[in-house]
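Written out below as structure tokens is the structure these notes cover.
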Amino acid sequence: MSTQPMEDTPKGAIAVYDEKQAGILRLEAFGLVAVSIVVLGLVVFAFLLTKGLASTYTYRGEHTYNYAGIQMTDINAYIQAKKVQVQPVSAEALTAYNAWATANPKTVNVQVLNQYLGDDYNNTGTVFNYMINYFSGGLGVSCEYCHNLQNFAAYELPQKTTAKNMLVMQFEVNNKWINNVPRPQGQPLYQIQCATCHVGAPKNWNKALKASNPAAFGIEGGGLPVSYDMLDEQLLKTRPDPQTGDVNYYKVTATKDTPAGLNATYRNQNQMYHQTVALGVGCDFCHYGGYFASYYVENGSFKWPKSQARHMIGMVQDLAINWWPQVQFPAPETVAQPNCYMCHRGYVVPPGASNTAPQPAQVSSPLIKPLEELPIPKPVTP
Amino acid sequence: MASEITRVESADWRINRRFYLKFLEGLADTQIGPLYVGVWGIFALVFFAITVFVILFGYLQQVGYNPILFVREFPVLSVEPPPPSYGLKLAPLAEGGYWQIATFFLTLSIVFWLIRIWSRAIANRLRPTVPIVFSAAIFLYAAIYIIHPISMGAWNEAPGHGLRAQLVWANAFSIKYGNFYYNPFHMVSIFGLLGSCLLLAMHGATILAVTRLNAHREIDEAENSTEGTHRAQLLWRWVMGFNATATSIHTWAIAIAVVSMVAGALGVIFSGPVEPDWFQWACRAGIVPGVIQPGTTNVAACLR
């Protein structure tokens, strides 16, 4: 390293480099440019490599990130994409149905559809159309999965009893929760149908599936003991305030009275991660990024998705408390808790939701009543 | 002190306990060692080893003592503090007790290390500026792990021991206290952090720039500045209008670094007892770009 001033330093020069120093400088400049090109190339390569994964990676996927609440994919496209094995209606079943319909033009022992959807469903043909479209299509099963083909009216198979209970649950949940979702004017209203939860499979929501897809089921930590299910004891006990109708499922943002501890916040964050995976959206789909507690963003617009999510948490609570214990699952010990992913499957509007399904009427005395009449929280609106 | 120096000078076997790393030539002093052991150093190391043992044992328990899982899941493993229900009490081992033990030994090991640095500085007849500045960093650690939890009444307010646990704590802490970006002490701390980076880069580059003028020996230049120092000072006077001296630049460095740590500690301490929601504070302070209704002083209109 040179420690003496250059003897031939030009007058007024601030810095003069000898050949060795100049050579080093040239090398450094070349190296910088070369490294930049290599890094840029690696970035482009990584982008090209992962581009194909975009369609399977629904977090913040642009194809689901829509505030208008428009269904971005239908159930058939979803079933195809997920390669769900759907069993078509068998020829034997159709033959048996034709014989049954000829012998019984009016329905025999139909208990639910005619109550909720009207007298049209006292006709065997109307009921058959509903069964083919919603049951067979939604669960991906043929008629003999539930029915005795010699006697369609009999309740011999436990699956038929379960299906009947689920039908009551579907109509009751539509009436109570879905029809009351707070939404802006012009946003379409969808209905739950069999496909909304079943997504082309008769048994689709079980603990084996939970073990293979922890993020979808709301477990953090990759299955390690540090884990949370969406509906823990605290959430199951939370009820709207009887005076104000306000509900606070997760007390997160502190006030002077907030109890000490961060566990509630950790728990809430896990729930939020679940919701991002379940709907395929980022945090700012529901939240104002500057202040998560707010329902408004800085330009004054209202965050409808946050209000809707709050309403939906109440619905999932209702499913777990009132309906899961009563639908008579064939193997209840294998069934996982309901949660957001069960229906949403990575989309803002569930692929299995329908805006063409017939709207059920309110039935004053349904076959299955809720175990507890959970009040709907007062909706948050602008 | 004199007898201690005598002992060192006569104990050649200890002075010779050193080796050289040739590849460090040009980058650093190639000599490694001798390392002073000392009582405080032994205590610090032993207590730190206990901390590490407790934490790693906790990790192994979580993966069922599976070494493959241990390696694979290491970034997400954590030893968590007790749940809020235990408050500041001693918790059972499996419910935060391990965290309490690990944190206790970690705190003591840090304090013993501080004392070690202090004792070596005094033994070398240095001013104790290094341990004093280290105390600022310890203040930040204490604020997060001890002062804030005690002021809030629950160890659960402190972070767990683990890579992911630290990140999760930072996120949750910010969310609970209304977005830490709006905490003014956090703002000052970030200024100190980034300012330290800037200052270190400026100073390092400046010293390297004057090496060709043999002005990189800073202590010599502080006592008697030569052409290299003058040229460097001229550079900064031209660039930004003022300059430091060979001594004052290091004072600047300490000041900005200490500001970063002390402000950060105060930001954590004040969260909760003084201000539970920093975003609402920012609304009241008028620094939030919220929806303010004209003609109103109602801070609730800032953001509902």
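The values are calculated or read from the model by the stated rules, or taken from the named source; none is laboratory data. Source: prediction; values computed, not measured. So basically every Cβ, Gly included, is an ideal-geometry build from the backbone, and we count neighbours across all protein chains shown. Accessible surface is based on the protein model in full, side chains and every heavy atom, while ligands, DNA and RNA are left aside. Shrake-Rupley method; radii C 1.70, N 1.55, O 1.52, S 1.80 Å.
Of note:
- Scanning the range A:268-285 for residues that are open to solvent by 20 Å² or more (accessible area, probe 1.4 Å) and either among the hydroxyl-bearing types (Ser, Thr, Tyr) or assigned to a loop (DSSP other than H, G, I, E, B) (or both) turns up just one, A:Tyr273.
- Total residues in the range B:240-292 satisfying the condition of being within 13 Å of chain A (Cβ to nearest Cβ) and assigned to a helix (DSSP H, G or I): the figure is 8.
- A single member of B:Thr247, B:Thr251 is over 27 Å from B:Phe180 (Cα atoms) and either touching a helix residue (DSSP H, G or I) at 6+ places or on another chain (Cβ under 7 Å) or open to solvent by less than 40 Å² (accessible area, probe 1.4 Å) (or both), and it is B:Thr247.
- Residue that is farthest from the other protein chains (Cβ to nearest Cβ) [pool: residues in the range A:232-245 that are at pLDDT 85 or above and under 24 Å from the mean Cα position of the chain (by Cα)]: A:Arg239
- The listed residue being open to solvent by less than 70 Å² (accessible area, probe 1.4 Å) and part of a loop (DSSP other than H, G, I, E, B), out of B:Gly64, B:Gly41, B:Gly58: B:Gly64
- Among the residues making up the range A:198-216, those that are open to solvent by 20 Å² or more (accessible area, probe 1.4 Å), under 17 Å from A:Tyr347 (Cβ atoms) and out of contact with any Gly (no Cβ under 7 Å at 6 or more places or on another chain) are A:Asn204, A:Asn213, A:Ala215.
- Checking A:His147 against (1) farther than 22 Å from A:Met315 by Cα; (2) in contact with a helix residue (DSSP H, G or I) (Cβ under 9 Å, 6 or more places away or on another chain); (3) surrounded by fewer than 21 Cβ atoms within 10 Å (Cβ to Cβ), the condition it does not meet: (3)
- Where B:Ala91 falls short, out of the listed (1) among the hydrophobic types (A, V, I, L, M, F, W, C); (2) farther than 20 Å from B:Leu167 by Cα; (3) crowded, with 19+ Cβ neighbours inside 10 Å; (4) under 27 Å from the mean Cα position of the chain (by Cα): (4)
- Pairs are defined by a Cβ separation below 7 Å, a sequence spacing of at least 6 or placement on different chains, a first member in the range B:145-161 that is more than 16 Å from B:Lys176 (Cα to Cα), and a second member that is of a type in the set (Gly, Ala, Ser) and in a helix (DSSP H, G or I); the pairs so defined are B:His161/B:Ala102.
- Condition met for A:Thr265 (within 16 Å of B:Ala172 (Cβ to Cβ), more than 21 Å from the chain's Cα centre (by Cα), of a type in the set (S, T, N, Q) and assigned to a loop (DSSP other than H, G, I, E, B)): no
- Selection of first residues in the range B:67-92 that are away from chain A (no Cβ under 12 Å) and closer than 26 Å to A:Pro259 by Cα and of second residues that are open to solvent by less than 60 Å² (accessible area, probe 1.4 Å) and part of a loop (DSSP other than H, G, I, E, B), restricted to Cβ pairs under 6 Å at least 6 apart or on distinct chains, gives the following pairs, ordered by first then second residue: B:Ala91/B:Pro82.
- Exactly one residue out of B:Phe48, B:Phe23, B:Phe53, B:Phe104 is open to solvent by 80 Å² or more (accessible area, probe 1.4 Å), assigned to a helix (DSSP H, G or I) and not assigned by TED's automatic domain parsing to the domain that holds B:Gln166: that is B:Phe23.
- Within the range A:267-281, the set of residues being within 14 Å of chain B (Cβ to nearest Cβ) and more than 10 Å from A:Tyr341 (Cα to Cα) comprises A:Arg267, A:Asn268, A:Gln269, A:Asn270, A:Gln271, A:Met272, A:Tyr273.
- Given (1) surrounded by 22 or more Cβ atoms within 10 Å (Cβ to Cβ); (2) under 19 Å from A:Phe217 (Cα atoms), index of the condition A:Tyr250 fails: (1)
- Verdict on A:Ala264 being of a type in the set (Gly, Ala, Ser), crowded, with 16+ Cβ neighbours inside 10 Å and either more than 30 Å from A:Lys369 (Cβ to Cβ) or more than 14 Å from chain B (Cβ to nearest Cβ) (or both): yes
- Lone unmet requirement of (1) in contact (Cβ under 8 Å) with a residue 40 or more places away in the chain; (2) more than 20 Å from B:Phe43 (Cα to Cα); (3) open to solvent by 50 Å² or more (accessible area, probe 1.4 Å) for B:Gly96: (3)
- Leading residue by the ranking (modelled with the lowest pLDDT) among those in the range A:291-308 that are crowded, with 19+ Cβ neighbours inside 10 Å and small (Gly, Ala, Ser): A:Ser294
- Of the helices (runs of 4 or more DSSP H) lying entirely inside the range B:120-232, those containing at least 1 residues that are within 10 Å of another protein chain (Cβ to nearest Cβ) and crowded, with 16+ Cβ neighbours inside 10 Å are B:148-152, B:163-176, B:184-209.
- Beta carbons closer than 6 Å, at least 6 apart along the sequence or on distinct chains, pair a first residue in the range A:246-271 that is within 21 Å of B:Tyr145 (Cα to Cα) with a second that is open to solvent by 10 Å² or more (accessible area, probe 1.4 Å) and part of a helix (DSSP H, G or I) for A:Val252/A:Asn268; A:Ala260/B:Pro84; A:Ala260/B:Met152; A:Gly261/B:Pro84; A:Asn263/B:Pro84; A:Thr265/B:Ile175.
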